[in-house]
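The values are calculated or read from the model by the stated rules, or taken from the named source; none is laboratory data. Just so you know, these numbers come straight off a predicted model, no measurement behind them. With ideal geometry, Cβ positions are generated from the backbone for all residues, glycine too; neighbour counts draw on all protein chains shown. SASA here: full protein model, heavy atoms, side chains in, ligands and nucleic acids out. Shrake-Rupley method; radii C 1.70, N 1.55, O 1.52, S 1.80 Å.
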Amino acid sequence: MPAPALFAVSGLAQYGGAALAVALFAVIPSPTVAWLRIAVAALALLAWRRPWRARWTRADLGAAAAFGVVLAAMNVSFYVAIDVLPLGTAVAIEFLGPVAVAAVTGRTWRERLGIVVAALGVVLLAGVELSTGGEDSVRGLVAIGIAAACWAGYILLGRRVAHGARRPAADAGAADPDGARPTPDGIASLAVGMTAGALVGAPFLAAPAAPVLTDAGLALAVVGIAVLSSVVPYAIEQVVLRRVTAATFAVLLAMLPATAAVVGAVALRQWPHGWEVVGLLCVSVAIVLTATRRAPGEATAEQPASGGPPQG
């Protein structure tokens, strides 16, 4: 399947899972739904990748654990935000994190302009929410701001974890020279990281999840959220990152705010209007502007400056 088609499937699955999560917020608090998603996705990835078969160093485990805790915090704050904000608006504002990282680490006018355009889009989206939503919108905007900051941390840790901590991409998943256990690849590291995030969040967020243990419908919905929003997008991301250049990947990323807005409109009846549409367009333009430009023939397996798909 072509990389753009794979990416479209990833986006639809990711935000379809988020829309399903919103439907559960009336029964289970949004932070607990996010924790359940992380925990179930961790179990699925552990069963799939069986990371205990790999050769781990302390640096590997530390990097994966830090990545997972940041990832869990990002998902919890994102779910708190979409409890009160439209899905498309929340995703667009969350992109301020990766765009800011690109602007800080970039060296060209494109990155600088990108953060200005993104900031304009976020101001427009936040202004619309504040004018129509009151105190709930303030809570949602604070939560999505935290999610954006966590996404920036995800990016800074993500390159290391994506190809195996402290290892070149070509060596990740390869066997030891003496034929012993293989080195951990990106998805194995993700499995360990999500497990760490679930364990850290359990003492604070697990108790309200009790209804899932007695309601098969709720349990099935949680599994669906975990698979759609975590397992499918993260696995596809590993494939797409190795097929396309960073610039192309950033263009694909620019589709995500629009994808989230479409899913929100169809599944949740959250139709964007007026300045919201302008704000969404500004964020998409900023994502394209902050693409990392590569010379012909340069390796394409690196993650672009704007990061991977949002973990919402």
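Observations
- Subset of segment 253-281 (residues that are more than 19 Å from LEU228 (Cα to Cα) and either free of Cβ contacts under 8 Å to residues at least 60 places away in the same chain or part of a helix (DSSP H, G or I) (or both)): ALA254, ARG269, TRP271, HIS273, TRP275, GLU276, VAL277, VAL278, GLY279, LEU280, LEU281
- ALA5 out of contact with any Asp or Glu (no Cβ under 8 Å at 6 or more places or on another chain), open to solvent by less than 10 Å² (accessible area, probe 1.4 Å) and either part of a helix (DSSP H, G or I) or more than 18 Å from TYR154 (Cα to Cα) (or both): no
- The residues on offer are ALA250, ALA196, and the sole one that is in contact with a Phe, Trp or Tyr (Cβ under 9 Å, 6 or more places away or on another chain) and either part of a helix (DSSP H, G or I) or open to solvent by 30 Å² or more (accessible area, probe 1.4 Å) (or both) is ALA196.
- Qualifying residue in segment 20-37 (condition: at pLDDT 95 or above, open to solvent by less than 20 Å² (accessible area, probe 1.4 Å) and of a type in the set (Ser, Thr, Tyr)): yes
- Against the conditions (1) open to solvent by 10 Å² or more (accessible area, probe 1.4 Å); (2) within 30 Å of LEU46 (Cα to Cα), SER189 satisfies every one except (1).
- Close pairs from segment 53-68: first closer than 12 Å to ALA191 by Cβ and open to solvent by less than 40 Å² (accessible area, probe 1.4 Å), partner hydroxyl-bearing (Ser, Thr, Tyr) and outside any helix (DSSP H, G or I), Cβ under 7 Å, at least 6 apart: ALA54/THR183
- Residue within segment 41-58 that is among the hydroxyl-bearing types (Ser, Thr, Tyr) and farther than 21 Å from GLN270 by Cα present: yes
- In the set (1) in a helix (DSSP H, G or I); (2) within 19 Å of GLY186 (Cα to Cα); (3) hydrophobic (A, V, I, L, M, F, W, C), the condition left unmet by ALA18 is number (2).
- Here LEU46 meets each of (1) under 22 Å from TRP151 (Cβ atoms); (2) touching a helix residue (DSSP H, G or I) at 6+ places or on another chain (Cβ under 6 Å); (3) part of a helix (DSSP H, G or I) with one exception, condition (1).
- Filter result (among the hydrophobic types (A, V, I, L, M, F, W, C) and open to solvent by 30 Å² or more (accessible area, probe 1.4 Å)) within segment 81-116: VAL84, LEU96, ALA100, VAL104, TRP109, LEU113, ILE115, VAL116
- Scanning segment 121-176 for residues that are over 17 Å from ALA90 (Cα atoms), open to solvent by 70 Å² or more (accessible area, probe 1.4 Å) and either in contact with a helix residue (DSSP H, G or I) (Cβ under 9 Å, 6 or more places away or on another chain) or at pLDDT 80 or above (or both) yields a total of 3.
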